[in-house]
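Inspection log for the structure reproduced underneath, given as structure tokens.
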């Protein structure tokens, strides 16, 4: 510490000692700056109280077309609540819920923010709103002791869906106990009208007990540091969006979900089973729209807006598609849609029939159906050159793998064999003259002299019928018959099977 | 003459209460314990400051100050009664859950730690009692003790009890000041009962992060809070630091009390 820096500190320290010994007030580390003097055009804005809602509800869309001075009163409370059935947890909340109250304002609004820390709170808290341009996102101006209230004002410059959270050390614990929520800054033109809007946030809980362990659970610091949460949930509890508490809609309606991730650590792969997001406003920015999205990635401390039309009735399950989280840790919610079915869009189960596959007895009805189906598919493929060539391509690719694993050692990667020892396959008159013989040689091997392209070879090829399946034999021959200048039709497994079963 | 009697009565009452408090037999709430000399490693410090601050041996109250003890103080010092205290020295919720000026009442039992007191009040009490408030270094050195060793910060049982307490909301009625298990030094309730004032609670102004003169709390936000921190995994220390940083000397809260210290001769 250099002297010029030390001096004012010493003066302050000495001053403090003097004041304290006199019993006078040095009021502690106060950074209160007094009320901001707002320009007349701001002072004259109409004043309104923000409507705050608990999840999964969202305040109504803003209909005014002008800026306002919006007063937000948010209360911090430390409350015991249900994390799962039989499992209790002390949540630290904004407004009594996890996630905290949803705040909805309009681009250009001037927000007078009051953070009130309930007297029963054990700890000081603050708020960092990602919608704020300014030091700490409001955190430096809202650090509030239990039983106190702080006020600061900011202007909402950027439209978007933003996370807010407590930023008091140790931050992972404050967020890990539920201190996060969303603030929507609607663009001046508003958002397109939808039928329903919902509010969902994902967060992890690092409990001392494992998932489902009953009783009052404490925050586990070691698990938090290792990022091993027993719970990953939507809206602060296992089952907060299922059964009676599920979100609802009518078939045909357009649903918008404001989705955020509080974290403190994990990213969400948000997916709704059985729906496709018609629109995603990725990362909560409201100017870019992506269409027809199955799963959208939402970072910790980030948000996204998703919209979909519920086409047919049913229960649509909201998950983090990192599925252990949904299956074992609670990241699962539901949207129940009622209304008339539309069987053209989704038929529901049409038929339930016995299927035996290759287990079907020869000559039975099931076997006949199976054979008919296969024949139909084969005919379909054959009559469609595009599909046929695709199939052949795939076979050549697979056959190459077989060849390079088994055949290349003798016949060589270039198919030319080795002079006087192993005959060539490339442009081999012997090979190309008889397809069935080729299959038979692969299956059963070949011993004794053969003449290939006018040269006589006298060695032995071992049988491969134990090493290769019918399909693999077909594939490798399709490869050999279509490489190194060879040209031929694809082989199929049935041809191989027929010859495999022949005995000489 | 008549007036003197009126004053004498509450004094007598207070004396009886104090005596009762002293008689909490085995617990010995009135006693002090010796904390041997040691070193305190500040949670956050400017890079050029020493990592360890030496702390001389001192005496520390075995238990936090109780409502009964504080009643004796306000009885003897009318200017610290709820109705008479200056707003400069204590905010509106000072002793807010006492029934009246000289009656703690059912929500604040005589043997429970006194809360809703300001730093000024705590300091005045200590002087009245012939003691002083511990410094942050002293308090933290004492509070590093576990049940079985002088540095118990990694002791399983100590950690478990500490974090279990942090996880619970403030109870409507606090338990007795001497109700918790004594630590290695025979001191009770440094963790698990109430937060406690320290003499230099706002030392953030002096020894805090030197980048910003405006105070330590600025640097406690978000991930930045760990810049220069001794041990970013000591969450409980961060919480105490955050609490102290959030306070002003006239503030009172429902979970903030104090205990006294004394230098050894």
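Below is a table of values for the structure above.
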| read-out | value |
| --- | --- |
| Average projected area [Cα convex hull, the stretch B:123-177], square nanometres | 5.5 |
| Peptide B:157-167, shielding by other chains (average Cβ, 10 Å cutoff) | 4 |
| Kirkwood hydrodynamic radius of the stretch A:22-132, from inverse mean 1/r over distinct Cα pairs, in Å | 16.8 |
| Taking A:248, A:65 and counting other C-beta atoms within 10 Å, the order from fewest to most | A:65, A:248 |
| Residue order, fewest to most surrounding Cβ atoms within 10 angstrom, among A:157, B:162, A:129 | A:157, B:162, A:129 |
| Cubic angstrom per residue, convex hull over Cα atoms of chain A | 286 |
| Number of partner chain Cβ atoms within 10 Å, mean per residue of B:248-259 | 5 |
| Estimated inter-spin distance, residue A:48 and residue B:50, nm [label 7 Å along Cα→Cβ] | 6.1 |
| Prolate/oblate/rounded call for the stretch A:355-504, Cα gyration tensor, a/c under 1.5 rounded | prolate |
| Shape category assigned to the stretch B:83-155 from the gyration tensor of Cα positions, a/c cut at 1.5 | prolate |
| Relative contact order, percent, chain A [alpha-carbon distance under 8 Å, six or more residues apart] | 9 |
| Fraction of antiparallel bridges per DSSP, chain A only, in percent to nearest 5 | 70 |
| Sorted by Cβ neighbour density within 10 Å, fewest at the top, the residues B:173, A:233 | B:173, A:233 |
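Where a number appears in this text, it was derived from the coordinates with a stated rule and is not lab data. Please read all numbers here as calculations on a predicted model, not as lab measurements. Note: ideal-geometry Cβ built from the backbone for every residue, glycine included; neighbour counts use all protein chains shown.
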